[in-house]
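Only one structure is covered here, and it is reproduced in the block below.
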Amino acid sequence: MPTFLITNAASLGAALRQTRKALGITQEELSLKTGISRPSIRSIEYGKETSQLSLALQLCQDLGVRLEASPPEGIEPK
C-alpha cells in the first residue's frame, strides 16, 4: 500500500477510499463489517467536514490503515 499524506478531511477520506478499493471491498460490504452506515462511509470518503472523527478512525482501524503524526521539522517529541 502507498503512503498517504493526511492534511485534512478530504485527504483522509481519499486514503480510506483508495485502501477500501484496493482491498476489493464495496462501501456496502464495509458497512456490514464495521456497523458504520453506508452514508457515513460515503461522507468520510468524500471528506465531508461534518463527518465524525471517531468513525473515520474506526474505518482506519478496520481497513488496517495506520496513522502516524510527525512534529514539525526542528521540534523533538518529548
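Per-atom-type breakdown for the chain gives carbon and sulfur 52% of the accessible area (1.4 Å probe, protein chains only). With K and R counted +1 and D and E -1, the other residues having a Cβ less than 11 Å from that of residue 27 yield a net charge of +3. Helices in the chain, meaning DSSP H runs of at least 4 residues, each add -39500 (n - 2.57). Divided by all residues, the mean residue ellipticity at 222 nm is -15500 deg cm²/dmol.
Values (i) 5.8; (ii) 5.2; (iii) 4.3 are given for comparison; mean projected area of the Cα convex hull in nm², derived from the coordinates here, is the one labelled (i). Here each label is just a point 7 Å from Cα along the line to Cβ, and for residue 29 and residue 48 those points are 2.3 nm apart. Per residue, the accessible area of the chain comes to 72 Å² when a 1.4 Å probe rolls over the protein heavy atoms.
The values are calculated or read from the model by the stated rules, or taken from the named source; none is laboratory data. Quantities reported herein were computed from a predicted structural model and do not represent experimental measurements. Ideal geometry is used to build each Cβ from the backbone, glycine not excepted, and the neighbour counts take in all protein chains shown. Side chains included, ligands, DNA and RNA excluded: accessible areas come from the protein's heavy atoms. Shrake-Rupley method; radii C 1.70, N 1.55, O 1.52, S 1.80 Å.
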